Amino acid sequence: MRSSARAVVIGGGVGGCSILYWLARLGWDDAVLVERADLTSGSTFHSAGLVGQLRSSLSLTKMMMESVELYRTLEAEVGLETGWREVGSLRLASSEERMEEIARQAGWAKTFGLPLELISPAEAQAMFPPMSIGGVLGAAFLPTDGYIDPSQLTFALAEGARRRGAEVNTNTRVTGIRTQHGRVVAVETDRGEIETEIVVNAGGMFAGELGGLAGVTVPVVPMAHEYLVVKPSGLPLDMPTMRDPSLLVYFRPESGGLIMGGYERHCAPWSLDGIPADFNGKLLEEDWPRFEELMQNAIVRVPSLEDMEVVKLINGPEAFTPDGEFILGPSDVRGFWVAAGFCAHGLAGAGGMGKLVAEWIVEGTPSLDVWHMDSRRFGAAYRSRDYALVRTQEIYETYYDVKYPGHERRAGRPLRLSPANARLGELGGVFGEKSGWERANWFEPNAAAGDESLRPRGWAGKLWSPAIGAEHRACREGAALFDESSFAKLDVSGPRAADFLESLCANRVARELGRVTYTQLLNPRGGIECDFTVTRLAPERFRIVTGTAFGQHDAAWIRQHAPEDGSVHVADVTSSYACLGLWGPASREILQPVTVADLSNEAFPYMTAQELAVGPVPCLAVRVTYVGELGWELYCPTEFGARLWDELWAAGRERGLVAGGYKAIDSLRLEKGYRVWGADISPDDTPFEAGLGFAVKLDKGDFVGRDALLDGAEPTRRLRCLTLAEPRAVALGSEPVRVGDAVVGRVTSGGYGYTVGASIAYAYLPAEHEVGTDVAVEIFGEWIDGVVAAEPLYDPVGEKIRA
């Protein structure tokens, strides 16, 4: 065994072997893999092996597609069988909402380049003869899906890595991760130490235990997952795989027989107090009572299953995560990476995942936007086993459920409450949750002032209220008060803080005290990694405010680039301050009577901040907006938060102040053209493509991503604002956009603008499609006409925000 390596991969499952393969393929021939027992002896060997490519995000779908590309060629490359069978997949729709679901997926598939077809029940049965079509309304067929042998694939990947110089060490148990000054320096094993600066924790269900050796929380929960193997009965060998989500089950052909499994409503977490040291290459006892629900459902769809002879009921633990997404990327310990939590579809994603993680390690940034899989996305609450467990159980038990836009999770709530939470409840707040925070989506009593006739058609109108429009209009015409305490707040301080932030931010942020700057942080490719405001509070102290869900990500990106000499300190102060947003044309006349500060435009201009008191409450008032109206964000120490709400509410009631929720904010920001990171802008998009060139100062000196922007030609794609001809046809995201007969883009975000009276969507289109271009957007199978509109749709010259 080597005593040093450029990288050490821990875990000999399909994920670890794929990362090793791709590291070696990218030229890191001195990489090493260590496995506590034999290859595939964790969860890999008992995987059902289904490979489905179409997922809910572009990045995950691309990852699956790259897996299929590898599986098609790997056998010829290494001379070992992989068991890849490209037989296609069926997804059945047994209700109207399932038909809507597959219609929406068919739209996604167009934008991903996947040949998904919508077919009739009879056509589905011709492909999968043993199925009954009772209750089936239709199906989606994707011919490029299939299944693969998990062990054969893993051994082929390991062989491919060995041939390129990598080393595989089985029966080598990791006993420690040695770190110095917050960096990995070595992996300790029962066969000796390996010095390295890069460790990849691909430990599957053991990933939490391995993360603990480095002081890193990896919230994976082993779930006992069962599937049935029946003897060959002469079924066609080329049948596609088949899923019936309404019945919670999946099928795949197996040598003339079938494999059948699913996701039961009463899951079985396993070995929460620690996995036995000798649990290698083992299965759990058959659990027929738990499997009974799935068995009965499966017989409904494949009646002959009742008479087929059972070979075995496989019951094996699989690592699931609290949000159902992979856990990938670097951690807060430099050099310690994670690739775990594959939620029973690791075989489908292994090839593409290994490529992405290896490229990320070698090149410094991932080739896809994977913020929703980033290992650093989980907050401190996930150190709690109980919280991680209930969240993960919910993910497993609702695996096949239809998730409407705006769907809110219920497990583990409430967790994080703002100091104004009780006031919001008293006012009839309808709460959602983000990053553990309870947040008012809207206030139902406001519905009386809304317009029910504007309810969007179909899915967009499922989780909706007329109150959203009422709150929107109140903000535009009078004033609305929003609780934004959940917004993430980061303080960057120290003697080198100003120079450090200038080296990261695309805009000039080290300006005079009290100035607020909107900026992006870019990766070396010029893509947008972070999007936020920076307020200079003191010569050596800056306050960053970013989205609720992005605080962990943004703090990690900043810390990753921070000097290690102690000259810059990054602190998450989210929980230290409450924040209320008061916006609307009447906001100044509401706020002025409760403060002695001069709020005039001359004394308190747009994009500045001042310390003041609201009644008895000390505040930092920041004149910014995410809704396109005059107003302030008011930050106060958390213990003053309830009193701040009371002071503003009392001051505003006579002037028609309305409580507003986050759904109104989204509608307001769409009219103003404000972007959402992770939807409208991402690490794959440059500021010039996204229409944010005004926030880039190429002449200020060097910053990360500047060279890419300087070297780049004129953008070939641009983010465009679309308005649709049918106001109640609302795009939700990922819908295909057509110009003429050609699909040229996909929707990034959409909604209804209550002031402009139009359905609005944003989409990246080829740059030649300028304002005035006719387009069409496919919404649940129907093409809706639209046009590229000049933006912003509301207050294009910015008079309102500078009033």
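The values are calculated or read from the model by the stated rules, or taken from the named source; none is laboratory data. Keep in mind the model is a prediction, meaning the values are calculated, not measured. A quick note on method: Cβ atoms are made from the backbone with ideal geometry, for glycine too, and the neighbour counts reach across all protein chains shown. All accessible areas refer to the heavy atoms of the entire protein, side chains included, with ligands and DNA or RNA removed. Shrake-Rupley method; radii C 1.70, N 1.55, O 1.52, S 1.80 Å.
Before moving on, here are some points about what is shown:
- Divide the volume of the convex hull around the Cα atoms of the range 510-614 by the residue count and you get 144 Å³ per residue.
- Probe 1.4 Å - accessible area at VAL704, Å² to nearest ten: 40 Å²
- The amide H of ARG746, built 1.01 Å from its N in the peptide plane, has VAL737, TYR764 as neighbours under 5 Å, considering only residues 5 or more places off or on other chains.
- Each 5 Å bin from 0 upward holds the following percent of the Cα-Cα pairs of the range 667-726: 4, 14, 25, 24, 16, 9, 5, 2, 1, 0.
- The candidates TYR606, TYR263, arranged from most to least accessible area with a 1.4 Å probe in the full protein assembly, appear as TYR606, TYR263.
- C-alpha long axis of helix 466-477 to longest principal axis of the chain, angle in °: 40 degrees
- Working note: Debye formula, equal point scatterers on the alpha-carbon atoms of the range 304-455, no solvent; log10 I(q)/I(0) at q = 0.14, 0.15, 0.18 Å⁻¹ is -0.90, -0.97, -1.16.
- Using the Cα coordinates of the range 709-803, the gyration tensor eigenvalues translate into equivalent-ellipsoid semi-axes of 21, 21, 11 Å, sorted from longest to shortest.
- Coordinate range along principal axes, alpha carbons of the range 641-774, Å, largest first: 54, 45, 21
- Listed values for the range 527-543 are Karplus-derived 3J(HN,Hα) couplings in whole Hz (6.51 cos²θ - 1.76 cosθ + 1.60, θ = phi - 60°), namely x, 8, 8, 9, 8, 6, 9, 10, 10, 7, 8, 7, x, 10, 9, 10, 10, and x replaces Gly and Pro.
- Quotient of C-alpha Rg and 2.2 N^0.38 Å, computed over the range 161-216: 1.17
- When shorter helices are ignored and each DSSP H run of at least 4 residues is given -39500 (n - 2.57), the per-residue value for the chain at 222 nm works out to -7500 deg cm²/dmol.
- 3J(HN,Hα) from dihedral phi, the range 378-386, Karplus parametrisation 6.51/-1.76/1.60, rounded to Hz, x for glycine, proline: 7, x, 4, 4, 7, 6, 7, 5, 5
- Over the range 441-500 - Rg/Rh using Cα atoms and the Kirkwood inverse-distance radius: 1.29
- Overall shape of the range 12-92 was characterised from the C-alpha gyration tensor. The equivalent ellipsoid obtained from it has semi-axes of 24, 16, 14 Å, in decreasing order.
- The residues of the chain expose on average 36 square angstrom of accessible surface per residue, using a 1.4 Å probe on protein heavy atoms.
- Shape call, the range 611-660: gyration tensor on alpha carbons, a/c limit 1.5: oblate
- Loop trypsin sites (Lys or Arg not before Pro), the range 235-293, which have at most 15 other Cβ atoms in a 10 Å radius of their Cβ (DSSP): ARG265, LYS282
- Mean projected area of the Cα convex hull of the chain, taken over all directions, amounts to 33.0 nm².
- Cross-link pairs LYS434/LYS663; LYS489/LYS663; LYS434/LYS489; LYS110/LYS403; LYS62/LYS110 - those with Cα-Cα distance over 19 Å: LYS489/LYS663; LYS110/LYS403
- Kirkwood's formula applied to the C-alpha pairs of the range 353-398 gives a hydrodynamic radius of 12.6 angstrom.
- Expressed in units of 2.2 N^0.38 Å, where N is the residue count, the Cα radius of gyration of the range 117-213 is 1.84.
- Taking Lys and Arg as +1 and Asp and Glu as -1, the other residues whose beta-carbon sits under 14 Å from that of TRP437 total 0.
- In order through the range 633-648: 3J(HN,Hα) via Karplus (6.51 cos²θ - 1.76 cosθ + 1.60), integer Hz, x for Gly, Pro: 9, 10, 9, 9, x, 3, 5, 9, x, 5, 5, 4, 4, 4, 4, 5
- The chain: angle of helix 14-25 to the longest principal axis, Cα-based, in degrees nearest 10: 80 degrees
- Taking the 1.4 Å solvent-accessible surface of the chain as the whole, the part contributed by carbon and sulfur is 49%.
- Quotient of Cα Rg and 2.2 N^0.38 Å for the range 431-586, N being how many residues it contains: 1.27
- Degrees separating the helix 58-78 axis from the principal Cα axis of the chain, which is the longest one: 30 degrees
- For the range 384-513, the gyration tensor built on C-alpha atoms gives an oblate shape. Its axis ratio a/c (a ≥ b ≥ c) is at least 1.5, and a/b is not larger than b/c.
- Taken over the range 558-641, the convex hull of the Cα atoms encloses 131 Å³ per residue.
- Using only the C-alpha atoms, the convex hull of the range 585-694 corresponds to 130 Å³ per residue.
- Within straight-line cross-link reach of LYS282, aspartates and glutamates at Cα separation under 16 Å, skipping those fewer than 8 residues along the same chain: GLU35, ASP38, GLU226, GLU318
- From the largest down, the range 182-311 spans 58, 31, 26 angstrom on the principal axes of its Cα atoms.
- The H on the amide N of VAL200, modeled in the peptide plane, is under 5 Å from the matching H of VAL8, VAL9, ILE10, TRP337, each at least 5 residues off or on a different chain.
- Between the amide H of GLY138 and those of ALA93, distances stay under 5 Å, these residues lying 5 or more places away or on another chain, with hydrogens modeled in the peptide plane.
- With the whole protein complex present, MET223 retains an accessible surface near 0 Å², based on a 1.4 Å probe.
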